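One structure is given below, encoded as structure tokens.
The values are calculated or read from the model by the stated rules, or taken from the named source; none is laboratory data. A quick note: this is a predicted structure, and the numbers were derived from the prediction, not measured. Glycine also receives a Cβ, built like all others from the backbone with ideal geometry; neighbour counts cover every protein chain displayed.
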Amino acid sequence: MLSPIEQLAQAFNCAERVLIITGAGLSADSGLPTYRGVGGLYNSNTNDGVPIEVALSGPMLQRDPALCWKYLAELGRACLGAQPNQGHEVIAQLQRLKPHCWLLTQNIDGFHRAAGSPDERLIEIHGQLAPLYCQSCGQKDDDLARRLAAALPPLCRRCAGVMRPPVVLFEEMLPEKAIHTLYEQLGEGFDLVLAIGTSASFPYIVEPVLRARAIGAFTAEINPARTDLSDRVDLYIAGRALDVLPELLSHISVNRICKSSP
Ligand code: APR
């Protein structure tokens with residue numbers, strides 16, 4: 001009888017098209033806070049008396065750029081002060097093993113790119129923290145660290161407009177290109193969909209898993225806590241990404257043969 005991780009390794013070996021979906025839990029092993037669950041950023045109001053989802057919203061960036069940037073800067077400093085972990089590196093290796101292994105991430109920390117995941121198969125559905133751009137004239141500035149060390153909110157050197165990161169703030173639309181790529185790839189179908197470290201709080205995260213399963217894909221989840229997905233996937237592995245992913249890769253590397261469907 002195969003262990004759950006051996007089953008997942010076998011599903012990966014047998015799959016041609018793979019979709020890996022990641023959330024803040026993957027970067028929790030790099031020391032970054034998650035948004036929900038134990039110690040999550042959203043568990044309490046900010047010390048400005050508003051929920052973090054309001055502070056980090058599009059309307060707040062327009063209404064009170066200084067307040068919004070106070071919390072954007074906290075996120076930015078946390079990301080700049082941390083590194084990708086072995087979980088990110090294993091995912092990049094899985095993408096090297098399968099030319100049709102795609103990655104959909106909700107994380108804005110840039111760790112997947114830094115760990116070697118190819119840009120052309122990376123869908124950053126919530127955008128990324130840099131390069132900053134001016135909301136008035138579009139001028140770009142990719143030195144986030146320098147901007148975070150200076151006065152906030154960062155102002156455009158050309159027109160003094162308020163700069164912002166290309167992230168999706170609350171109450172903002174998802175990036176059209178990312179959505180288009182995601183649904184274009186979903187249209188081609190996936191044989192395996194693996195959700196890692198996400199509370200599956202959004203329909204555009206849950207739907208790809210359920211849609212793939214409905215057409216026969218093998219679906220799996222790696223998360224120390226159960227989520228709305230846990231009872232709806234073929235295989236739920238209770239564990240931290242940093243513990244499970246290296247073991248998964250070790251089983252995949254040993255025998256790359258597809259024996260039978262798990
Ligand atoms: N390994 C794997 N999963 C983990 C780990 C770990 N070491 N630690 C925590 N988790 C799980 C938690 O159990 C939780 O289910 O990671 C998940 C993190 O959930 P959220 O904090 O909700 O993060 P995420 O799912 O990425 O949130 C989605 O919400 O507000 C937006 O922009 C924000 O991108 C974020 C999105």
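Just name the residue that is farthest from the ligand (Cβ to nearest atom) out of those in region 43-63 that are within 17 Å of Val167 (Cα to Cα) and not aliphatic (A, V, I, L, M).
Filtering first and then ranking leaves Gln62.
Evaluate region 229-236: report whether one residue or more is more than 15 Å from Phe12 (Cα to Cα), more than 16 Å from the ligand (Cβ to nearest atom) and modelled with pLDDT of 95 or more.
no
Grab the strands (runs of 3 or more DSSP E) fully contained in region 103-207, keeping just those with 1 or more residues being closer than 30 Å to Ile237 by Cα.
Qualifying strands (runs of 3 or more DSSP E): 122-124, 192-196.
Results for (1) over 15 Å from the mean Cα position of the chain (by Cα); (2) under 15 Å from Leu19 (Cα atoms), shown as yes or no for each residue.
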position	(1), (2)
Leu155	yes, no
Met163	yes, no
Pro166	no, no
Gly187	yes, yes
Val193	no, yes
Arg232	yes, no
Tyr236	yes, no
Leu249	yes, no
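Output yes when any residue across region 35-42 is of a type in the set (Gly, Ala, Ser), crowded, with 16+ Cβ neighbours inside 10 Å, within 18 Å of Val244 (Cα to Cα) and within 12 Å of the ligand (Cβ to nearest atom), and no when none is.
No, there is no match, as no residue in region 35-42 is of a type in the set (Gly, Ala, Ser), crowded, with 16+ Cβ neighbours inside 10 Å, within 18 Å of Val244 (Cα to Cα) and within 12 Å of the ligand (Cβ to nearest atom).
I want to confirm something. Restricting to region 16-32 and keeping residues that are assigned to a loop (DSSP other than H, G, I, E, B) and under 13 Å from the mean Cα position of the chain (by Cα), which single residue is nearest to the ligand (Cβ to nearest atom)?
Once the filter is applied, the top-ranked residue is Gly23.
Table: residues versus (1) hydrophobic (A, V, I, L, M, F, W, C); (2) within 16 Å of the ligand (Cβ to nearest atom); (3) touching a residue at least 12 places away in the same chain (Cβ under 8 Å).
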| residue | (1), (2), (3) |
| --- | --- |
| Glu124 | no, yes, yes |
| Gly127 | no, yes, yes |
| Ala151 | yes, no, no |
| Glu176 | no, no, no |
| Gly187 | no, no, no |
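Just for region 100-122: of the residues that are closer than 19 Å to Glu176 by Cβ and not hydrophobic (A, V, I, L, M, F, W, C), which one is farthest from the ligand (Cβ to nearest atom)?
That would be Glu120.
Residue by residue through region 35-62, note down the ones that are in contact with a helix residue (DSSP H, G or I) (Cβ under 7 Å, 6 or more places away or on another chain), part of a helix (DSSP H, G or I) and at pLDDT 85 or above.
Result: Ile52, Glu53, Val54, Ala55, Met60, Leu61.
Could you give me the residue pairs with C-beta distances under 8 Å whose first residue belongs to region 62-85 and is free of Cβ contacts under 8 Å to residues at least 40 places away in the same chain, whose second residue is outside any helix (DSSP H, G or I) and crowded, with 18+ Cβ neighbours inside 10 Å wherever it lies, and which are 6+ apart or on separate chains?
From residues that are free of Cβ contacts under 8 Å to residues at least 40 places away in the same chain, the pairs are Tyr71/Leu56.
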